[in-house]
Amino acid sequence: SQTIHQWPATLVQPVGSPLSLECTVEGTSNPNLYWYRQAAGRGLQLLFYSVGIGQISSEVPQNLSASRPQDRQFILSSKKLLLSDSGFYLCAWSLGQGAAGYTFGSGTRLTVV
Amino acid sequence: AQSVTQLDSHVSVSEGTPVLLRCNYSSSYSPSLFWYVQHPNKGLQLLLKYTSAATLVKGINGFEAEFKKSETSFHLTKPSAHMSDAAEYFCVVSDYFGNEKLTFGTGTRLTIIP
């Protein structure tokens with residue numbers, strides 16, 4: 001069966017420090033991968049999606065970047081965190097078939113102080 | 001373009017009474033529609049999905065939703081609320097363009113009164 005792992009679960013980082021959040025998927029090949037952010041009291045905002053290794057599409061301009069070094073690995077990064085980067089980050093995968101929906105990871109609660 | 005509107009940001013019901021969470025969508029094509037549930041500080045779990053088959057969709061934990069094209073609605077219901085149903089619920093629409101980007105509603109927080 002397919003599983004998705006996301007870590008760490010919680011993270012407190014000072015302003016200006018770097019960030020690396022990792023997401024891996026098991027049990028499937030060539031998934032579509034997504035990073036979402038959920039700010040306090042708001043809905044989900046799509047940050048990045050990837051349909052293959054090295055292929056990254058950005059949905060909104062921001063202080064973050066994403067990379068996909070392997071088929072089932074998706075990394076969210078920042079060189080210098082801002083206070084506004086605080087939020088709940090969710091990784092997800094899908095088979096890109098339009099009707100299956102996503103499977104989400106358990107999320108990372110990032111607090112920038 | 002696609003969009004989804006969740007008509008209530010917060011719904012409170014008493015335990016054992018019916019639940020109704022409202023959702024309206026807009027889509028240029030035949031959409032797929034989903035409801036996800038999120039418990040505090042957890043990821044999102046798929047409750048149910050509509051993919052152009054039966055218009056009444058049954059999901060997990062006793063939830064169901066009815067796709068009404070004439071009303072562009074996909075409301076989520078449950079006959080009898082349970083304390084464990086307290087969570088955030090998201091209505092989601094998908095138009096397939098090869099990357100399956102989903103558009104999320106802003107969410108409805110469901111509170112269950114004992």
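State in Å² the accessible area per residue of segment A:3-112; use a 1.4 Å probe, count heavy atoms of protein chains only, and round to the nearest integer.
44
Cα convex hull of the protein assembly as shown: mean projected area in nm², to one decimal?
Mean shadow area of the hull around the Cα atoms is 12.4 nm².
What per residue convex hull volume, in Å³, do the alpha-carbon atoms of segment B:7-54 yield?
Spelled out: Cα convex hull of segment B:7-54, divided by residues, is 129 Å³.
Per the Kirkwood definition applied to all pairs of different Cα atoms, how many angstroms is the hydrodynamic radius of chain B?
That comes to 14.2 Å for chain B.
Rank B:47, B:33, B:102 by mean-square fluctuation in a GNM of chain B with C-alpha springs under 10 angstrom and give only the top-ranked residue.
Result: B:102 has the largest fluctuation of those listed.
What's the magnitude of the charge dipole for the protein assembly as shown around its Cα centre, counting Lys and Arg as +1 and Asp and Glu as -1 at the beta-carbon? Answer in Debye, nearest 20.
240
Extent of segment A:3-112 along each principal axis, from alpha carbon coordinates, in Å, largest to smallest?
38, 28, 24
Charges at C-beta only: +1 for Lys and Arg, -1 for Asp and Glu. How large is the resulting dipole of chain B about its Cα centre, in Debye rounded to 20?
The calculation lands at about 100 debye.
How large is the accessible surface of residue A:113 in square angstrom, using a 1.4 angstrom probe and rounding to the nearest 10?
Approximately 100 Å² for this residue.
With charges only on Cβ, +1 for K and R and -1 for D and E, what is the dipole size of segment A:3-112 about its Cα centre, in debye, rounded to 20?
220
Pick out, from A:87, A:65, A:104, the residue whose Cα sits farthest towards the positive end of the charge dipole of segment A:3-112, with +1 on the Cβ of Lys and Arg and -1 on the Cβ of Asp and Glu.
Final value for the positive-end residue is A:87.
Mind grabbing the accessible area of residue A:26 for me, 1.4 Å probe, Å², rounded to tens?
90
If you take every residue apart from residue A:17 with its C-beta less than 14 Å away from the C-beta of residue A:17, what net charge results, scoring Lys and Arg +1 and Asp and Glu -1?
+1
Compute the relative contact order of segment B:3-113 as a whole-number percentage, counting only Cα pairs closer than 8 Å that sit 6 or more residues apart in sequence.
About 38 percent, as a whole number.
Mind telling me which of A:102, A:89, A:49 comes out most flexible in a GNM of chain A, alpha-carbon contacts under 10 Å?
A:102
Would you mind calculating the relative contact order of chain A from Cα pairs under 8 angstrom and at least 6 residues apart, reporting the percent as a whole number?
Worked out over chain A, it gives 36 percent.
Of all DSSP beta bridges in chain B, what percent run antiparallel (nearest 5)?
90
State the antiparallel share, in %, of DSSP beta bridges confined to segment A:3-112, rounding to the nearest 5.
The antiparallel fraction comes to roughly 90 percent.
Rounded to the nearest 10 Å², what accessible area does residue A:5 have for a 1.4 Å probe in the complete protein model?
Here the residue's solvent-accessible area equals roughly 70 Å².
A plus B alone minus the pair: what accessible area, both sides summed, probe 1.4 Å, in Å² to 100?
1700
Averaging over all projection directions, find the projected area of the Cα convex hull of segment A:9-65 and quote it in nm² with one decimal place.
Across all orientations, segment A:9-65 yields a mean hull projection of 5.3 nm².
The values are calculated or read from the model by the stated rules, or taken from the named source; none is laboratory data. Just so we're clear, the structure is a prediction, and the values are computed from it rather than from any experiment. Because the Cβ atoms are built from the backbone with ideal geometry, glycine has one as well, and the counts that use them run over all protein chains shown. Calculation scope for accessible area: heavy atoms of the full protein, side chains included, ligands and nucleic acids excluded. Shrake-Rupley method; radii C 1.70, N 1.55, O 1.52, S 1.80 Å.
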